[in-house]
Amino acid sequence: MSFVKKYAPKTLNDVVLEQSVKSKLDSYVRGGNQTPLILHGTNGLGKTSIAELLPSAMEGGIVIHPLNGPTDIFNTVDDVISFFGNKYAFSLSTFSGGNRDYFVLNEVYFTERVALKLRDYIEDYEEVVQFIFTTNSYMKIDKGIRDRCIDIELKPANAQDWLPRVQQILQAENVTISNSTVMNVITAQLAIDSSNRQLLNKIEALIWQYKSKSKVNSITGISPFSPVAPITVTAPINTVTTVAPVLPFIQLHQTK
């Protein structure tokens, strides 16, 4: 299983966030804010994860029970009317004993006529429904809907934001890597791509590399990640050497 799936956030606290974004989300959750929310930003920053985990966070950790809904919704005005026709059966997420229902819609973009109708439902159901939208293109969302929502722009987290999460992963994988090495890898990857998915792929590759070295070293008997001492070859002590006989100087020059 890839690390992207294996270490997918289970709670809102597991999502690695830039500190200003974290503060805004914490304030939104703690304050029990009922204003609809738009999460926006580039790919891979955790918008979908946050949207899906927010209901549980706002309800104090109650498990979400997804409800069945149409797969392609809000292509026409009739879709909107049909979906919101029964206030007790339209929400995508609801809780047993929860305070509200939660309508979570990812990668939203509405035609003008659909947006006009949706504005009405956002206002009509605001007291009982938490509307949460995500998008990569904030300005493409209808201005009237934007005006009815709070927006939080997700920004790339930095290496220091990521370090605690990576340390948790290392512990779970039973691998020890120095913080300086981890920080160098995280910093280098974030300079290339701010996507959380790509960073987790890089961490997975790093851990695989260290595990592979450990396995090889355990077979050879070499201590993992320790420099190998040079091997010195010496001649055997009892070596017998044959030396050519040396003729006396006078014999070499003797004349016949």
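Quick notes on this structure:
- Of all residues assigned to the range 87-105, none qualifies as being in a loop (DSSP other than H, G, I, E, B), β-branched (Val, Ile, Thr) and either open to solvent by less than 40 Å² (accessible area, probe 1.4 Å) or at pLDDT 75 or above (or both).
- Positions within the range 124-169 being open to solvent by 60 Å² or more (accessible area, probe 1.4 Å) and part of a helix (DSSP H, G or I), in sequence order: ASP124, MET139, LYS140, LYS143, ASP147, GLN160, PRO164, GLN167, GLN168
Residue-by-condition table, conditions (1) touching a residue at least 12 places away in the same chain (Cβ under 8 Å); (2) in contact with a Ser or Thr (Cβ under 8 Å, 6 or more places away or on another chain); (3) closer than 25 Å to ALA191 by Cβ:
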residue	(1), (2), (3)
VAL104	yes, yes, no
VAL108	yes, yes, no
ASP120	no, no, no
PHE133	yes, no, no
ASP147	no, no, no
LYS155	yes, yes, yes
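- Checked against (1) modelled with pLDDT under 90; (2) open to solvent by less than 80 Å² (accessible area, probe 1.4 Å), ALA172 passes all but a single condition, namely (1).
- Search result, residues across the range 43-57 that are out of contact with any helix residue (DSSP H, G or I) (no Cβ under 6 Å at 6 or more places or on another chain), farther than 18 Å from ASN33 by Cβ and crowded, with 22+ Cβ neighbours inside 10 Å: LEU45
- Scoring MET183 on the criteria (1) touching a residue at least 12 places away in the same chain (Cβ under 8 Å); (2) farther than 22 Å from GLY44 by Cβ leaves a single failure, condition (2).
- Looking only at the range 15-42, residues that are open to solvent by less than 50 Å² (accessible area, probe 1.4 Å) and assigned to a loop (DSSP other than H, G, I, E, B) come to 9 in all.
- Residues in the range 12-36 that are touching a Leu at 6+ places or on another chain (Cβ under 8 Å) and either more than 21 Å from GLN160 (Cβ to Cβ) or free of Cβ contacts under 8 Å to residues at least 12 places away in the same chain (or both): TYR28, VAL29.
The values are calculated or read from the model by the stated rules, or taken from the named source; none is laboratory data. This one's a predicted model, so the numbers in the text were calculated from it and none came from an experiment. Positions of Cβ are backbone-derived with ideal geometry, glycine not excepted, and every protein chain shown enters the neighbour counts. Accessible surface areas use protein heavy atoms only, side chains included; no ligands, DNA or RNA. Shrake-Rupley method; radii C 1.70, N 1.55, O 1.52, S 1.80 Å.
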